[in-house]
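Q: Once you've had a glance at the structure underneath, I'll fire off some questions.
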């Protein structure tokens, strides 16, 4: 049977319409003010292409790091019991609520040339993260990976662990249980966490510019290029790049939701 339709309160409908307009109007402004006649030339300029390419590479690398390192963290937080777990969860998810520029300063103090780890690393191997492309990835991972951890932890906690117990009782190995039972059950959370991490990395600004700088072709991602274009009265480029990010992000979010509902 389908869902029963309830009569909606006119006040609720009105407030919902205002809420929808609040989100729709700014996007409508982008579409109306977009330089459609010169859109292709603006997007294909060397500055725009470099910024978009770096954004894509850095955001995908950040998502990969979340999968490699965030998965074990989420697993430990969801499945293990140990002293200080609440503190560890708080510290791990703290970048979600920190002002991004604070995260950038913290990264400099840890991984900069005079940082806790950065200074001995630079002296020993001559490696320096600030103002480099890897520095962009580190900054984005710092602020975006917590979204993956908290989403996956929630998925692990809400899944029916009795199914894993049943598989073990039938003689399945740990790997088989994980591959055939656990992974399919947490797949929606895994997908949602990856998308949230990627989208947060795409939009990252404060920590990136503070820790990695704004060097064209090296550390200038699309959000930084938009800011510079808008500040230098090159509004057409700022609008064009903004529209590209809006379209890509919307396509990913809609595609992910449809896939989750189908699953």
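The values are calculated or read from the model by the stated rules, or taken from the named source; none is laboratory data. These numbers come from a predicted model, not from an experiment. Here the Cβ is made from the backbone with ideal geometry for all residues, glycine too, and neighbour counts use every protein chain on show.
Q: Taking the range 103-121 as the region of interest, how many residues are buried (at least 18 other Cβ atoms within 10 Å of the Cβ) and over 23 Å from residue 70 (Cβ atoms)?
A: Of the residues in that region, 1 qualify.
Q: State yes or no: is residue 41 out of contact with any strand residue (DSSP E or B) (no Cβ under 8 Å at 6 or more places or on another chain), in a helix (DSSP H, G or I) and within 23 Å of residue 198 (Cβ to Cβ)?
A: Criteria not met by residue 41.
Q: Return yes or no: is residue 243 part of a helix (DSSP H, G or I), touching a residue at least 60 places away in the same chain (Cβ under 8 Å) and surrounded by 14 or more Cβ atoms within 10 Å (Cβ to Cβ)?
A: The answer is yes for residue 243.
Residue-wise test of (1) out of contact with any helix residue (DSSP H, G or I) (no Cβ under 9 Å at 6 or more places or on another chain); (2) without any contact (Cβ under 8 Å) to a residue 40 or more places away in the chain; (3) closer than 25 Å to residue 135 by Cα; (4) surrounded by 13 or more Cβ atoms within 10 Å (Cβ to Cβ).
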{"residue": "13", "(1), (2), (3), (4)": "yes, yes, no, no"}
{"residue": "34", "(1), (2), (3), (4)": "no, no, no, yes"}
{"residue": "44", "(1), (2), (3), (4)": "yes, yes, no, no"}
{"residue": "55", "(1), (2), (3), (4)": "no, no, yes, yes"}
{"residue": "58", "(1), (2), (3), (4)": "no, no, yes, yes"}
{"residue": "69", "(1), (2), (3), (4)": "no, no, yes, yes"}
{"residue": "72", "(1), (2), (3), (4)": "yes, yes, yes, no"}
{"residue": "84", "(1), (2), (3), (4)": "yes, yes, no, no"}
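Q: Among the candidates 95, 146, 130, 100, single out the residue that is surrounded by 16 or more Cβ atoms within 10 Å (Cβ to Cβ), over 21 Å from residue 198 (Cα atoms) and touching a residue at least 12 places away in the same chain (Cβ under 8 Å).
A: Testing whether each residue is surrounded by 16 or more Cβ atoms within 10 Å (Cβ to Cβ), over 21 Å from residue 198 (Cα atoms) and touching a residue at least 12 places away in the same chain (Cβ under 8 Å) leaves just 130.
Q: Give me the helices (runs of 4 or more DSSP H) completely within the range 97-213, filtered to those with at least 2 residues that are within 19 Å of the chain's Cα centre (by Cα) and modelled with pLDDT of 90 or more, ordered by residue number.
A: Helices (runs of 4 or more DSSP H) meeting the threshold: 100-111, 133-158, 183-202, 206-211.
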